[in-house]
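Below is one structure, written out as structure tokens, with a few remarks after it.
The values are calculated or read from the model by the stated rules, or taken from the named source; none is laboratory data. Because the structure is a prediction, the values reported are computed rather than measured. Ideal geometry is used to build each Cβ from the backbone, glycine not excepted, and the neighbour counts take in all protein chains shown. To get the accessible areas, we keep the full protein, side chains included, count just its heavy atoms, and leave off ligands, DNA and RNA. Shrake-Rupley method; radii C 1.70, N 1.55, O 1.52, S 1.80 Å.
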Amino acid sequence: MLRLRACGGTAPASVPALVRARLARRASAASTVASASSSSSALEELAAERRGLAKVVLKKGKTQIFRDGSPMVYSGAVDRIIGRPPPKSGDVVLVADGTEKPIGWGLYNSVSMFCVRLMQLEEEARRDPTCALNMERLLEARISSAVDLRRSLGLPSADTNAYRLINSEGDRLSGLIVDIFADVAVIASSAAWVEKYRQEIQFLVSKVNGISHIKWRPSADILKEEGLDISEHKEPASPCSTVKVMENGIVYLVSLEGQKTGFYADQRENRSFISLLSKDQRILDLCCYSGGFALNAAKGGANNVIGIDSSGLALDLANENIVLNELNHGKISFVKGDATTFMKGAISENELWDLVILDPPKLAPRKKVLQSASGMYRSLNTLAMQVVKPGGLLMTCSCSGAMTQSGMFLKTIQGAASMAGRKVTVLRQAGAACDHPIDPAYPEGQYLSNYLLRVA
């Protein structure tokens, strides 16, 4: 639920009046358009009242994919841009077909390979013009919708207060991610428009019930591709570097300076599933980070759990999580080390586990490295299968969008089984948790693959 509140901690207390004024702009103009003839273009009606609004005209044959909802207008689809002076990055622009009739509107970028991020289609603007060509009002509506969706999914709840509130294209705010950790909202920015509307976004997120602090985390490398160099810019220091959260009744210490936004909420449902399989089992959690799968296994009644990760900082969190959950140190432990080296050592000692979890970092950040990444995934899975006892289980994951979207991951797993001399059967296939929605018009948003295998 959105509610007006005084911002606490690092939330932007000085901007409400400014943002309220910006959110209220053009409301009367929208009402005028609502009563206009349905045969005319709602966007053209509104655009007529705005001087200097540029129009990005698409090439012939390139329109339908965007009419169908794909939000990313790549530069190769653009025929010409009408407008003087030409639009600047972050400007609102119309997107039109070859006849110059608007099909939608979005935010322009003069540098990025995606020259427009579509925000609303013509049909939507005709049905409800209140947000048309008005980014402030659109942000308010989309964030409110995201809050309502999570609430319908039962988030937050009495036993879970770590979840994703906004999932970029899945919530129709391409380039914006917001993760909630107890009373802290971590905002990850990966688009120039997000930086431009930073104050508005912070203000609206700070209104979400229960949020007292905001942590802004810009993705410097991606923003550089968007034409923004923030390498010299330093974000204000947070009043706290860690926060305690709960997920499915398990307590975690989250580092607000950690990987990604600090915690991988996408694996929540898969971690919970592991707890159901763990009673009286011997569990190995590879690339365990702060111990998510391992902690669920221990809570599920495993006889022995060991987690392996190469990051000492991550394992500091994992060990703290043992204490926070009052778990038996004799049944769960974490070891700093390389997963490949550990598995090779285990194979030489003929050491086997009932259930192995393999959740490596992103190995294929781009399609051009997919081939080499496939080899790395194959090698890791070959070793993992060799440390699973006959008839045991392997949960193997890939968080590389290029791998998931290629459809090659299962084939790679099968290749690993052949190399390991083992036979695998797929028992369960999953992806990210339900608070990570995917727009079917933008399948590139699907990145996480999770397979549960029986290894014979």
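Without any contact (Cβ under 8 Å) to a residue 40 or more places away in the chain, farther than 23 Å from LEU448 by Cα and touching an Asp or Glu at 6+ places or on another chain (Cβ under 9 Å): is that true of GLY330 in this structure?
Details: without any contact (Cβ under 8 Å) to a residue 40 or more places away in the chain: yes; farther than 23 Å from LEU448 by Cα: yes; touching an Asp or Glu at 6+ places or on another chain (Cβ under 9 Å): no.
No; evaluated as a whole, the condition is false for this residue.
For region 217-251, a residue qualifies if it is of a type in the set (A, V, I, L, M, F, W, C) and open to solvent by 40 Å² or more (accessible area, probe 1.4 Å), and the qualifying residues are ALA220, ILE222, LEU228, ALA237, CYS240, MET246.
Yes or no, residue by residue, for (1) assigned by the TED database to the domain that holds TYR447; (2) of a type outside the set (A, V, I, L, M, F, W, C); (3) out of contact with any Pro (no Cβ under 8 Å at 6 or more places or on another chain); (4) free of Cβ contacts under 8 Å to residues at least 12 places away in the same chain:
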{"site": "LEU315", "(1), (2), (3), (4)": "yes, no, yes, no"}
{"site": "ALA339", "(1), (2), (3), (4)": "yes, no, no, no"}
{"site": "SER348", "(1), (2), (3), (4)": "yes, yes, yes, yes"}
{"site": "GLN405", "(1), (2), (3), (4)": "yes, yes, no, no"}
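Can you pull out every residue in region 355-377 that is open to solvent by 50 Å² or more (accessible area, probe 1.4 Å) and within 21 Å of the chain's Cα centre (by Cα)? First the steps, then the outcome.
Initial filter on region 355-377 (open to solvent by 50 Å² or more (accessible area, probe 1.4 Å)): 361-362, 365-368, 371-372, 376.
Within region 355-377, PRO361, LYS362, PRO365, ARG366, LYS367 meet the criteria.
One residue stands out in region 97-113 among those that are at pLDDT below 95 and of a type in the set (A, V, I, L, M, F, W, C): the one that is farthest from ALA192 (Cα to Cα), namely MET113. Of all the listed residues (THR412, THR425), the sole one being outside any helix (DSSP H, G or I), over 25 Å from ALA265 (Cβ atoms) and of a type outside the set (Gly, Ala, Ser) is THR425. When LEU313, LEU327 are screened for being of a type in the set (A, V, I, L, M, F, W, C), open to solvent by 20 Å² or more (accessible area, probe 1.4 Å) and assigned to a loop (DSSP other than H, G, I, E, B), only LEU327 passes.
The single condition among (1) surrounded by 20 or more Cβ atoms within 10 Å (Cβ to Cβ); (2) within 28 Å of the chain's Cα centre (by Cα); (3) outside any strand (DSSP E or B) that ALA302 does not satisfy is (2). Screening GLY154 with (1) assigned to a loop (DSSP other than H, G, I, E, B); (2) more than 16 Å from ASP266 (Cα to Cα); (3) out of contact with any Phe, Trp or Tyr (no Cβ under 9 Å at 6 or more places or on another chain) gives one miss only, at (2). Kindly check whether there is at least one residue in region 268-280 that is outside any helix (DSSP H, G or I) and of a type in the set (Val, Ile, Thr). No, region 268-280 has no match at all.
A single member of LEU46, LEU94 is at pLDDT 95 or above and buried (at least 21 other Cβ atoms within 10 Å of the Cβ), and it is LEU94. Residue count for region 254-276, restricted to those that are open to solvent by less than 50 Å² (accessible area, probe 1.4 Å) and either modelled with pLDDT under 95 or of a type outside the set (Lys, Arg) (or both): 14.
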